[in-house]
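Chemist: Attaching a single structure in structure tokens format; questions to follow.
The values are calculated or read from the model by the stated rules, or taken from the named source; none is laboratory data. The structure presented is a predicted model; accordingly, all values stated were derived computationally and were not measured. Note that each Cβ is placed from the backbone with ideal geometry, even for glycine, and that neighbours are counted across all protein chains shown.
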Amino acid sequence: MTKPIIGVIGGTGLQGGGVVDALLAAGEFHVRVASRNPASEAGRALAARGVEVVAADLLDAKTLGAALAGAHGAFLVTNFWDPTQGPRETEIGTAAVHAARAAGVEHMIWSTLPDATLLTGGRNVVEHFSSKAKVDAVVSAAGFARHTFVQAPMYFQNFTTMMGPQPLPTGGRGWAVPMDPALRVIHAGDVRELGRAVAAAFTAGDRLANGSVLSVCGGTYSWNDFVATLNAQGHHLEVLQVPGEVYDGFYPGAHEMREMFEYFAECTYFGPDHAQHIAAANALVPGGFTAFADWAKLNMRP
């Protein structure tokens with residue numbers, strides 16, 4: 001029998017790449033990835049693994065039909081930090097959802113985050129959370145036979161990229177943060193493991209409650225926890241709390257991140273419903289997800 005087709009929009013990024021890995025490992029689906037340039041190195045690498053790579057551009061929803069035609073399911077993720085997407089993230093996500101519905105997709109899985117701006121009553125404007133959350137209602141109302149929401153944690157991978165340790169005024173290295181470093185409110189994980197929840201949701205079909213929210217989480221941490229874990233593994237790091245107005249001057253875009261950390265302190269990363277949404281993901285994925293200590297041991301050598 002022909003395997004059901006899953007279209008992956010964003011299949012060359014960290015989230016989408018993990019989804020492709022998990023779908024291929026499941027062996028139950030024909031995986032099709034949308035790419036602006038199927039002949040690129042990334043496109044050729046996917047094709048070599050048995051993935052169908054088709055020309056389509058998330059920035060132009062009219063082109064997504066080729067990636068979604070005949071697909072049983074679709075996974076959709078947008079990227080706020082891509083300057084071509086960020087200012088239009090809600091618009092782009094909405095158009096892609098409508099394109100998937102028009103193509104006849106039966107099961108839509110949308111990668112979202114809580115509406116931090118709404119949850120804080122507008123005190124913290126966290127666009128890279130809220131611009132995704134605004135698409136949730138579009139997904140629910142679109143008329144898919146099934147829809148599922150997945151939420152990615154704070155990426156462990158950030159500690160080796162944009163959030164790597166920096167020189168501190170103390171002369172040491174580590175992090176200066178605009179929140180109490182003892183607050184255990186940060187839901188974090190290996191972002192590539194999001195794919196395990198996505199593949200399990202497609203496999204479960206109607207055994208999973210329609211409209212479920214799956215929050216993928218390797219653990220709930222404070223900044224002190226991150227530092228203690230790394231130092232136990234041979235690092236020499238520290239964390240300092242700094243006033244918000246000081247943090248805002250650290251780097252371009254710091255204001256957005258400061259608002260995010262203040263949202264964490266008030267509501268936690270995954271918001272007030274985090275316990276049930278984390279439990280839903282864990283119930284669907286046997287063995288759960290990798291903890292920070294195990295990930296760091298392999299990926300952050302002293």
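Chemist: Kindly establish whether V138 is of a type in the set (V, I, T), surrounded by fewer than 22 Cβ atoms within 10 Å (Cβ to Cβ), over 21 Å from T220 (Cβ atoms) and modelled with pLDDT of 95 or more. Outline the logic, then answer.
Modeler: Numbers: of a type in the set (V, I, T): yes; surrounded by fewer than 22 Cβ atoms within 10 Å (Cβ to Cβ): yes; over 21 Å from T220 (Cβ atoms): yes; modelled with pLDDT of 95 or more: yes.
It is true that V138 is of a type in the set (V, I, T), surrounded by fewer than 22 Cβ atoms within 10 Å (Cβ to Cβ), over 21 Å from T220 (Cβ atoms) and modelled with pLDDT of 95 or more.
Chemist: Within the range 142-151, can one find any residue that is at pLDDT 95 or above, among the basic types (K, R) and within 20 Å of the chain's Cα centre (by Cα)?
Modeler: No; the residues of the range 142-151 include none that is at pLDDT 95 or above, among the basic types (K, R) and within 20 Å of the chain's Cα centre (by Cα).
Chemist: Go over the candidates G121, G195, G174, G143 one by one and state the one that is on the phi > 0 side of the Ramachandran plot and touching a strand residue (DSSP E or B) at 6+ places or on another chain (Cβ under 9 Å). Before you say what the answer is, go through the steps one by one.
Modeler: Working: G121 fails: touching a strand residue (DSSP E or B) at 6+ places or on another chain (Cβ under 9 Å); G195 fails: on the phi > 0 side of the Ramachandran plot; G143 fails: touching a strand residue (DSSP E or B) at 6+ places or on another chain (Cβ under 9 Å).
Step by step, each of G121, G195, G174, G143 is checked, and only G174 is on the phi > 0 side of the Ramachandran plot and touching a strand residue (DSSP E or B) at 6+ places or on another chain (Cβ under 9 Å).
Chemist: Hey, can you tell me all the residues within the range 135-177 that are touching a helix residue (DSSP H, G or I) at 6+ places or on another chain (Cβ under 8 Å) and of a type in the set (K, R)?
Modeler: R146
Chemist: Among the residues of the range 162-202, how many are hydroxyl-bearing (S, T, Y) and either at pLDDT 95 or above or buried (at least 21 other Cβ atoms within 10 Å of the Cβ) (or both)?
Modeler: Within the range 162-202, the first condition is being hydroxyl-bearing (S, T, Y), and the residues that meet it are 170.
Then drop every residue that is not either at pLDDT 95 or above or buried (at least 21 other Cβ atoms within 10 Å of the Cβ) (or both), which leaves none.
Selection size over the range 162-202: 0.
Chemist: State the number of residues belonging to the range 117-129 that are buried (at least 24 other Cβ atoms within 10 Å of the Cβ) and within 23 Å of V198 (Cα to Cα). Show your work before the answer.
Modeler: Going through the range 117-129, the residues buried (at least 24 other Cβ atoms within 10 Å of the Cβ) turn out to be 126, 129.
Filter once more, keeping what is within 23 Å of V198 (Cα to Cα): 129.
Residues meeting the conditions: 1.
Chemist: N79: among the polar types (S, T, N, Q), closer than 20 Å to G271 by Cα and outside any helix (DSSP H, G or I), yes or no?
Modeler: Values: among the polar types (S, T, N, Q): yes; closer than 20 Å to G271 by Cα: no; outside any helix (DSSP H, G or I): yes.
The answer is no for N79.
Chemist: I'd like to verify a number: residues in the range 10-69 that are among the basic types (K, R) and surrounded by 19 or more Cβ atoms within 10 Å (Cβ to Cβ), how many? Walk me through how you get there before you give the answer.
Modeler: Here is the first cut: in the range 10-69, the ones among the basic types (K, R) are 32, 36, 44, 49, 62.
Applying the additional criterion that residues be surrounded by 19 or more Cβ atoms within 10 Å (Cβ to Cβ) yields 32.
Total meeting the criteria: 1.
Chemist: Somewhere in the range 104-112, is a residue among the hydrophobic types (A, V, I, L, M, F, W, C), without any contact (Cβ under 8 Å) to a residue 60 or more places away in the chain and more than 30 Å from N299 (Cβ to Cβ)?
Modeler: yes
Chemist: Go through the range 40-89 and give me each residue that's over 30 Å from F129 (Cβ atoms), charged (D, E, K, R) and touching a strand residue (DSSP E or B) at 6+ places or on another chain (Cβ under 9 Å).
Modeler: Selection gives R44, R49, E52.
Chemist: How many residues are loosely packed, with under 14 Cβ neighbours inside 10 Å and farther than 16 Å from G195 by Cα when one looks only at the range 274-293?
Modeler: Of the residues in the range 274-293, the ones loosely packed, with under 14 Cβ neighbours inside 10 Å are 275-276, 279, 283, 286-287.
This time we only want the ones that are farther than 16 Å from G195 by Cα, so: 275-276, 279.
Of the residues in the range 274-293, 3 are loosely packed, with under 14 Cβ neighbours inside 10 Å and farther than 16 Å from G195 by Cα.
Chemist: Turning to a different aspect of this structure: Return the residues of the range 203-221 that are surrounded by fewer than 16 Cβ atoms within 10 Å (Cβ to Cβ), free of Cβ contacts under 8 Å to residues at least 60 places away in the same chain and outside any loop (DSSP other than H, G, I, E, B); say none if nothing qualifies.
Modeler: R207
Chemist: Go through the residues of the range 85-99 one by one and say whether even a single one is in contact (Cβ under 8 Å) with a residue 24 or more places away in the chain and outside any helix (DSSP H, G or I).
Modeler: Yes: one or more hits.
Chemist: While we're on this one: Which numbered condition trips up E245, out of (1) farther than 30 Å from T148 by Cα; (2) of a type in the set (D, E, K, R); (3) not in a helix (DSSP H, G or I)?
Modeler: (3)
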